[in-house]
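Notes to accompany the following structure.
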Amino acid sequence: MEAIADFAHTFLSQLQKPTLAFLLGGMFIAALGSRLVIPDAVYRFIVFMLLMRIGLEGGMEIRDGNIADMLLPAFWAILLGCGIVLLGRWTLARLPGIKMEDGIATAGLFGAVSASTLAAAMVVLDEESIVFEAWIPALYPFMDIPALVLAIVLAGVHQQRQSGQHKQVRVWPIVKDSLRGSALSALLLGLMLGLFTRPEPVFESFYDPLFKGLLSVLMLIMGIEAWARLSELKRVAHWFAVYALLAPLIHGLLAFGLGVVAHHATGLSPGGVILLAVMASSNSDISGPPTLRAGIPGANPSAYIGASTSIGTPMAIAVGIPLYVALGELVFGIA
């Protein structure tokens with residue numbers, strides 16, 4: 001009973017953290033009808049700054065770290081990205097009122113990674129003094145790209161079967177489009193600069209001090225957008241809402257279990273296990289939607305973007321992060 005009480009206390013305390021509070025605050029003022037608008041250019045600049053900071057730190061850590069320790073977590077990331085898409089496609093295809101293309105696109109978006117959710121989790125772990133490997137964000141593309149590619153390939157195969165054609169689906173153009181996306185481009189640029197240069201002075205004086213403040217603004221923007229997207233979700237099958245409520249937590253718990261295996265096999269830190277779970281529970285909010293719009297044009301954006309933005313992302317941040325931190329305390333005895 002004491003363990004359950006400690007778990008509940010940790011979970012509830014996480015909901016009061018500034019990062020999560022700004023997300024809920026954005027949803028609250030949007031529900032009240034506020035006309036607060038933050039320009040899209042500001043949003044894109046904030047995302048770039050956050051991903052550059054994450055990439056720089058990850059690159060510097062990889063430069064000084066042991067590559068062998070990263071191999072199993074990287075394999076788990078690929079397995080999770082593909083597994084989430086296959087599980088989601090299998091689940092949504094069997095629910096009434098859901099078109100196959102919509103189900104595959106939704107599964108692809110939930111298999112991909114949210115940069116904002118990852119950044120929020122990193123701040124929460126810093127606030128809790130939970131140590132994690134700075135190279136963990138480098139697993140982002142290992143999970144994100146396979147998920148998006150697999151979703152588009154599955155949709156292409158389905159469309160060909162429907163039309164009676166048997167044209168081969170080209171994978172490499174999909175990979176190139178994913179790599180050229182704004183989120184992955186910024187993250188990979190930061191990784192390369194951290195890996196091959198010495199960016200410590202600009203990192204410590206510019207990128208790192210701004211990180212938490214910019215993230216709070218991003219959470220506010222996402223809260224406002226999440227509430228706005230609810231109206232879109234109402235126009236499609238309600239099963240999308242059920243999936244968006246449950247899937248992030250199921251995916252995160254699966255990743256947490258694989259992270260525990262990596263912890264015992266390679267020494268992956270408890271914080272690293274938590275971040276792996278957060279990445280798996282997140283759903284892409286930056287690079288994923290435009291990639292899927294282009295790759296699966298027959299899918300309804302109101303279904304997969306509405307499910308992701310209005311329910312999936314708030315669940316991953318407001319419920320998932322506190323849940324995995326509390327699990328980390330329970331499993332690993334971290335405070």
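Side notes on the structure shown:
- Scan segment 170-195 for residues that are in contact with a Gly (Cβ under 8 Å, 6 or more places away or on another chain) and either free of Cβ contacts under 8 Å to residues at least 60 places away in the same chain or among the aliphatic types (A, V, I, L, M) (or both) and the total you get is 9.
- Here Gly103 does not fit the description of being assigned to a helix (DSSP H, G or I) and under 17 Å from the mean Cα position of the chain (by Cα).
- Of everything listed in (1) open to solvent by 10 Å² or more (accessible area, probe 1.4 Å); (2) part of a helix (DSSP H, G or I); (3) modelled with pLDDT of 90 or more, the single unmet condition for Leu154 is (3).
- Against the criterion of being under 20 Å from Ala105 (Cα atoms), in contact with a helix residue (DSSP H, G or I) (Cβ under 7 Å, 6 or more places away or on another chain) and either open to solvent by 20 Å² or more (accessible area, probe 1.4 Å) or in contact (Cβ under 8 Å) with a residue 60 or more places away in the chain (or both), Leu258 does not qualify.
- Pairing residues of segment 199-214 that are among the aliphatic types (A, V, I, L, M) with residues that are surrounded by 11 or more Cβ atoms within 10 Å (Cβ to Cβ), at Cβ distances under 8 Å and at least 6 apart in sequence or on separate chains, gives Leu210/Met49; Leu210/Arg53; Leu214/Ile46; Leu214/Met49; Leu214/Leu50.
- A single member of Leu72, Leu50, Leu86 is open to solvent by 60 Å² or more (accessible area, probe 1.4 Å) and out of contact with any Gly (no Cβ under 6 Å at 6 or more places or on another chain), and it is Leu86.
- Residue match in segment 292-306 (condition: touching a residue at least 60 places away in the same chain (Cβ under 8 Å), in contact with an Asp or Glu (Cβ under 6 Å, 6 or more places away or on another chain), buried (at least 24 other Cβ atoms within 10 Å of the Cβ) and closer than 22 Å to Ile54 by Cβ): no
- Among the conditions (1) open to solvent by 30 Å² or more (accessible area, probe 1.4 Å); (2) assigned to a helix (DSSP H, G or I), Met143 misses just one, which is (1).
- The residues of segment 197-220 that are more than 21 Å from Pro39 (Cα to Cα), open to solvent by less than 70 Å² (accessible area, probe 1.4 Å) and either outside any helix (DSSP H, G or I) or of a type in the set (Gly, Ala, Ser) (or both), listed by number, are Thr197, Pro199.
The values are calculated or read from the model by the stated rules, or taken from the named source; none is laboratory data. Everything quoted here is computed from the prediction, not taken from an experiment. Note that each Cβ is placed from the backbone with ideal geometry, even for glycine, and that neighbours are counted across all protein chains shown. Heavy atoms of the whole protein, side chains included, go into the accessibility calculation; ligands, DNA and RNA do not. Shrake-Rupley method; radii C 1.70, N 1.55, O 1.52, S 1.80 Å.
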